[in-house]
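Colleague: The structure under discussion is supplied below as structure tokens; questions concerning it will follow.
The values are calculated or read from the model by the stated rules, or taken from the named source; none is laboratory data. Bear in mind that the values here come from a model prediction, so they are computed numbers and not experimental data. Ideal geometry is used to build each Cβ from the backbone, glycine not excepted, and the neighbour counts take in all protein chains shown. In case anyone asks, the SASA skips ligands and DNA or RNA and just uses the protein heavy atoms, side chains included. Shrake-Rupley method; radii C 1.70, N 1.55, O 1.52, S 1.80 Å.
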Amino acid sequence: MKDFSLVHIGTEIRERKRDLHQIVSLMLDSTYYDALEERNEHHQRKNENLFNSFTDEEMMYYYVHQRKHIRKERERKETTKTEYLRILLQFYQYAVESESFLRQDVDYYIEETVFRNLRPWHIRNFQNYLSTALLGKGGKPYSPATLDAKMTILKSFMKWLYETKYIQHSLHTEILSTSLSEQEIPNRDLYYHEVKQLLDYYKDHPINYGLLTMLAMTGLRVQEIAKASWGDVYLDSLSGHYRLRGVGKGGKRFDKLLHPSLYERILAFRERRHVSTVLNPSDQGPLFPTKNGDYYQYKNLSNYIVRIIERTELPFVKERTDRITPHYFRHFYAIYSRQQGADIFLIQKELGHSDRKTTERYLEKVLQREQEIGLMWNEKDF
């Protein structure tokens, strides 16, 4: 790994030579993984604990990059690894900065590790720290949903450390529940009249019009749109419709219908960017190129979508307490499809959900209205 060593992460954090964002970027390099696997094989041959000589830093790295499937495309994506690393390194930073306290707080302190010196109360202290921490200039605390996501990943990691015998205390069992109440589940619903207002606002802006229409009419994730290639668009001889092939989350393949109006807006986007609008299966350029003709980084594209929505200052946008992100359009796709009569199974399949419960969560309010007991009444009786 260039200009970086896993064993120096603790020093870099203590001395603040790099911020966590830089360390996350460096740890995304998976080339060190094979060396760790070779060391594991050496321990196996000697009937030793697999992670006998690993450091805290190597355990985090191995956990995030560990291979669980024979096919590479089914492994964790870089976006997932990034999120895991952010959360684990935040916890690691907290532990490293508490090292002097740990030395006094535990008997028989083990040198050159902080994870092995942790005790149940240290985990609870970290949870208390997260629940009171303030973010950025606005000084807002973490939302219940963010806290739940962070602790779910940390709990999984701590359980793995215990199962691999790297730590001797089952710290994962000490993590207090962060499950969300019904009132705390973020409202990400987006409805037709709201999406139509956004589209109408940008109907004379080919870039924004094309991107928002793509989100609304396909239900694709922003990552999937950002990495889509022009060469993956084709004319289906069976139906006569244009379609987009691709690989989504978890290596699942999708084949999305591009309605004529959407296809026209894609072409208008591409014309504005001065790139080809002639179908070409060998064209590996981006479907939606940046000004420079490059692929969008999905985070940048996501942030761009958030900004252009906020810029409209439409009443429904200003009234929301949270920011409308590209993910909300997946909720719209589910809700609108259901209102048009689509079966939940078909919506689940189109959105690429592995679990039907996820789709039902998107449709919670719609399903409640469909099953409202008052609809069974005969109002004429009154």
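Colleague: On the basis of being without any contact (Cβ under 8 Å) to a residue 24 or more places away in the chain and either in contact with a His (Cβ under 9 Å, 6 or more places away or on another chain) or open to solvent by 80 Å² or more (accessible area, probe 1.4 Å) (or both), does residue 365 make the cut?
Modeller: Against the criterion (without any contact (Cβ under 8 Å) to a residue 24 or more places away in the chain and either in contact with a His (Cβ under 9 Å, 6 or more places away or on another chain) or open to solvent by 80 Å² or more (accessible area, probe 1.4 Å) (or both)), residue 365 does not qualify.
Colleague: Exactly one of these conditions fails for residue 257: (1) under 22 Å from the mean Cα position of the chain (by Cα); (2) among the hydrophobic types (A, V, I, L, M, F, W, C); (3) over 28 Å from residue 144 (Cβ atoms). Give me its number.
Modeller: Failing condition for residue 257: (1).
Colleague: Select the helices (runs of 4 or more DSSP H) contained entirely in the range 1-101, then report the ones holding at least 1 residues which are at pLDDT 90 or above and open to solvent by less than 70 Å² (accessible area, probe 1.4 Å).
Modeller: By residue number, 56-65, 78-97.
Colleague: Criterion first (among the β-branched types (Val, Ile, Thr), under 21 Å from the mean Cα position of the chain (by Cα) and closer than 26 Å to residue 15 by Cα) does residue 82 satisfy it?
Modeller: In short, yes.
Colleague: Still on this structure: Within the range 306-321, is there a residue that is hydrophobic (A, V, I, L, M, F, W, C), open to solvent by less than 30 Å² (accessible area, probe 1.4 Å), part of a helix (DSSP H, G or I) and more than 22 Å from residue 269 (Cα to Cα)?
Modeller: For the range 306-321, residues hydrophobic (A, V, I, L, M, F, W, C), open to solvent by less than 30 Å² (accessible area, probe 1.4 Å), part of a helix (DSSP H, G or I) and more than 22 Å from residue 269 (Cα to Cα): present.
Colleague: Can I ask one more? Examine the range 324-336 for a residue that is of a type outside the set (Val, Ile, Thr), under 21 Å from residue 251 (Cα atoms), in contact (Cβ under 8 Å) with a residue 12 or more places away in the chain and part of a loop (DSSP other than H, G, I, E, B), and state whether such a residue exists.
Modeller: Yes: the range 324-336 contains one or more residues that are of a type outside the set (Val, Ile, Thr), under 21 Å from residue 251 (Cα atoms), in contact (Cβ under 8 Å) with a residue 12 or more places away in the chain and part of a loop (DSSP other than H, G, I, E, B).
Colleague: Mind checking whether some residue in the range 22-43 is over 28 Å from the mean Cα position of the chain (by Cα) and in contact (Cβ under 8 Å) with a residue 24 or more places away in the chain?
Modeller: no
Colleague: Give me a count of the residues in the range 360-382 that are polar (S, T, N, Q) and modelled with pLDDT under 85.
Modeller: The number of residues fulfilling the criteria is 2.
Colleague: Here's another thing I want to ask about it. Hey, could you check the range 322-360 for residues that are among the charged types (D, E, K, R) and closer than 17 Å to residue 256 by Cβ and say which is surrounded by the fewest Cβ atoms within 10 Å (Cβ to Cβ)?
Modeller: 349
Colleague: Return a yes/no flag: does the range 153-162 have any residue that is at pLDDT 85 or above, within 25 Å of residue 18 (Cα to Cα) and in a loop (DSSP other than H, G, I, E, B).
Modeller: Within the range 153-162, not a single residue is at pLDDT 85 or above, within 25 Å of residue 18 (Cα to Cα) and in a loop (DSSP other than H, G, I, E, B).
Colleague: Let me ask something additional. Only one residue in 312, 321, 358 is over 28 Å from residue 253 (Cα atoms), without any contact (Cβ under 8 Å) to a residue 40 or more places away in the chain and β-branched (Val, Ile, Thr). Which one?
Modeller: 321
Colleague: Quick check: is even one residue across the range 174-185 under 30 Å from residue 114 (Cβ atoms) and not in a loop (DSSP other than H, G, I, E, B)?
Modeller: There is at least one residue in the range 174-185 that is under 30 Å from residue 114 (Cβ atoms) and not in a loop (DSSP other than H, G, I, E, B).
Colleague: Kindly establish whether residue 129 is open to solvent by 60 Å² or more (accessible area, probe 1.4 Å), within 26 Å of residue 15 (Cβ to Cβ) and of a type in the set (Phe, Trp, Tyr).
Modeller: Judged against the criteria, residue 129 is a match.
Colleague: Within the range 102-120, which residues are aromatic (Phe, Trp, Tyr) and in contact (Cβ under 8 Å) with a residue 24 or more places away in the chain?
Modeller: 115
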